[in-house]
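Take a look at the structure below.
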Amino acid sequence: MIKRVFSNLFGSPATRLYPFTRREPFAGSRGQLKNDIAKCIFCGQCQRRCPADAIVVGKKPDKSWAFDRYRCIVCGYCVEVCPVKCLSMDPKHGD
Amino acid sequence: MSKRTIIPFGPQHPVLPEPIQLRLVMEEERVVEALPAVGYIHRGLEKLVEKKDYNQCVFLAERVCGICSFLHSVTYCQGLEEIMSVTIPDRARFLRLIWGEVHRVHSHLLWLGLLADSFGFENVFMHAWRCREMVLDLLERTAGHRVMLGVSCVGGVRRDISDEGLADILRTVDALQKEFDEFVPVVLNDYSIKQRTVGVGKLTKEQAAELGAVGPVARASGIARDFRETGYAAYGEVGFKIVTETAGDCYARMKVRCGEMYECLNMVRRAVAAMPAGAINVPVKGNPTGEVVARLEQPRGEVIYYLKGNGAKNLERMRIRTPTFANLAPLLAMLPGCELADVPVIVLSIDPCISCTER
Amino acid sequence: MLNNELPVTRDTLLNEVAARRHQGYRFVTVTCVDLGDRFDILYHFDKDYVLYNLRLSLGRTENLPSISSIFFAAVLVENELKDLFGIPVTDLAIDYGGRFLLSEGSPVAPQRKPDAPPAQPAQTKDGAVK
Ligand code: SF4
Ligand code: SF4
């Protein structure tokens, strides 16, 4: 315990100065959803499975894929069900 | 008889992490009666199962609680697996145990910090949360998220832990053990902590049994009841030692939880050593028909899920009874007779989790 | 159908609950399932990790006798039933008067399914008639 007391008194803080120093995201962490739109076939699977209704896929004629980041709960279910694997989870949080 | 006053404790109170109100009937400094008022964060999650299919509801169940999230989804999945007669692979059972126990450590550390905060011991609060950060980082490295692991699915788990990850778990567990060895004895033997907790908020064994206390609250009153004893997931193979105390006061509840943290680490070590190879999930076909009551032991006690499916992809009814709901009645039995200054400590000693109580 | 299930009526409920208490069961919780035309009220009790359930079939407008005189811990969950399903529970040990989980201005009985029009019973929701 004495050791801890001294390291608390003279050591560096346990926290980071966040916006300036950032920890590298861990590999495999679920940060944000990315779509490689060139590979997407607009099948609508992700829209149907998403528990938070965060994705809207426009069908055949107008082919669109819209994603509302603020609805997303970052569960990764869409990544799992996408048939062509164009969706992926970027470990980075924020931009 | 002296004059009675009613003091509203909460819903916003510095020591309460979540809103709950206790109407305390006071006679001078002593509480004679307490009445809880909840409903500040009722979300109606149970209703949502009618709108989402049963696979999506795994994520819904996980979001019932912000602390023992993973264990909620495991309860839900175990229930559905029982209805649909799915046997999950061995490796999935072990992975559920490992994540579940790591989650328990994080929950107990969070609680220890909050309890210390309630009697004004900021150092313990900070140190417990510093250790908790190690646990959360471990969860993020292995599961992809700090709290909402998102790794359960009906039929197993979604994500495997590599050998590298298992070694990482062992390293972190050893580091945690070192930290615990250093500060848990200090916490348990500290004079001022004992002054604030020993003999405070007593719950006798009879009261605990009568009022249906669960989890550490029951175990601290000498009731050796822990649902892990039934050997769900891999608890049967890994083995597990129940931690009990008999005093039934806040100190006993603290001791039970501290003992459990060590026990969790041991279980994780044994599970990693005995980890079977193989698949991590089995495909599940069809929709659930039938009803089931699924139960398991969360950090706060026994959780209960009643699930009813009628052959459609949406469940007909999901009902959740969280451990804090069961521990509210015992809390009302602990409060009468205590001093107003002890109320925060007693309330926190049941480890209240209000948002999952109200769902 | 759950394991260890016993159907009860409003008249036998209190006796059965008292018998469970005598046998050393612990009160776990009450579950209400809205079947559309009736309610199923399930009382769960536990002893040595085995659940025992009582199933009460309740009409949509019938009163539910409270078991809080036998198991005090039931008082919270019975108040919840009253709030969320609009079931009139009688003889509660502590009656919140429909303000346990809900407050003024919140929806009334949000978990209750809309009452089926009595003229066309065939139109009840799927799975309602079992
Ligand atoms: S599931 Fe994949 S391919 Fe289909 S619409 Fe979504 S992103 Fe595109
Ligand atoms: S990660 Fe989950 S919530 Fe986000 S878009 Fe995909 S399925 Fe929806």
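The values are calculated or read from the model by the stated rules, or taken from the named source; none is laboratory data. Since the structure is predicted, the reported quantities are computational estimates derived from the model, not experimental observations. As a convention, Cβ positions derive from the backbone with ideal geometry for all residues, glycine included, and neighbour counts pool all protein chains shown.
Quick notes on this one:
- A:Val5 meets all of the listed conditions (1) surrounded by 17 or more Cβ atoms within 10 Å (Cβ to Cβ); (2) of a type in the set (Val, Ile, Thr); (3) without any contact (Cβ under 8 Å) to a residue 24 or more places away in the chain but one, namely (1).
- Some residue of segment B:220-227 being surrounded by 15 or more Cβ atoms within 10 Å (Cβ to Cβ) and in contact with a strand residue (DSSP E or B) (Cβ under 6 Å, 6 or more places away or on another chain): yes
- C:Ser57 being closer than 30 Å to B:Tyr40 by Cβ and not hydrophobic (A, V, I, L, M, F, W, C): no
- Selection count where residues are in contact with a strand residue (DSSP E or B) (Cβ under 8 Å, 6 or more places away or on another chain), at pLDDT 80 or above and crowded, with 23+ Cβ neighbours inside 10 Å, scope segment B:336-359: 2
- Exactly one residue out of B:Glu237, B:Glu245 is part of a loop (DSSP other than H, G, I, E, B) and under 24 Å from B:Val303 (Cβ atoms), and it is B:Glu245.
- Long-range neighbours under 9 Å by Cβ, at least six apart or interchain, first residue without any contact (Cβ under 8 Å) to a residue 24 or more places away in the chain within segment A:55-70, second more than 16 Å from ligand 2 (Cβ to nearest atom) and in a loop (DSSP other than H, G, I, E, B): A:Val57/A:Lys63
- Among the residues of segment B:202-211, the ones that are closer than 16 Å to B:Pro352 by Cβ and at the interface with chain C (Cβ under 9 Å from one of its Cβ atoms) come to 1 in all.
- Of all residues in segment C:32-53, those satisfying the criterion of being in a strand (DSSP E or B), within 11 Å of chain B (Cβ to nearest Cβ) and of a type in the set (A, V, I, L, M) are C:Val33, C:Leu42, C:Val50, C:Leu51.
- Residue in segment B:81-89 that is crowded, with 24+ Cβ neighbours inside 10 Å and at pLDDT 85 or above present: no
- Total residues in segment C:90-107 satisfying the condition of being crowded, with 23+ Cβ neighbours inside 10 Å and in contact (Cβ under 8 Å) with a residue 24 or more places away in the chain: the figure is 1.
Okay, residues lined up against (1) among the basic types (Lys, Arg); (2) within 14 Å of chain A (Cβ to nearest Cβ); (3) assigned to a loop (DSSP other than H, G, I, E, B):
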residue: B:Gln12; (1), (2), (3): no, no, yes
residue: B:Pro17; (1), (2), (3): no, no, yes
residue: B:Val31; (1), (2), (3): no, no, no
residue: B:Gly39; (1), (2), (3): no, no, yes
residue: B:Lys47; (1), (2), (3): yes, no, no
residue: B:Asp53; (1), (2), (3): no, yes, yes
residue: B:Ser85; (1), (2), (3): no, no, yes
residue: B:Leu95; (1), (2), (3): no, no, no
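- In segment A:36-72, the residues that are under 16 Å from A:Pro91 (Cβ atoms) and either surrounded by 14 or more Cβ atoms within 10 Å (Cβ to Cβ) or within 14 Å of another protein chain (Cβ to nearest Cβ) (or both): A:Cys72
- For segment A:21-35, a residue qualifies if it is within 13 Å of chain B (Cβ to nearest Cβ), basic (Lys, Arg) and more than 16 Å from ligand 2 (Cβ to nearest atom), and exactly one does: A:Arg23.
- Among the residues examined, B:Leu60 does not qualify as closer than 20 Å to A:Ile73 by Cα, assigned to a helix (DSSP H, G or I), away from chain A (no Cβ under 14 Å) and out of contact with any Ser or Thr (no Cβ under 8 Å at 6 or more places or on another chain).
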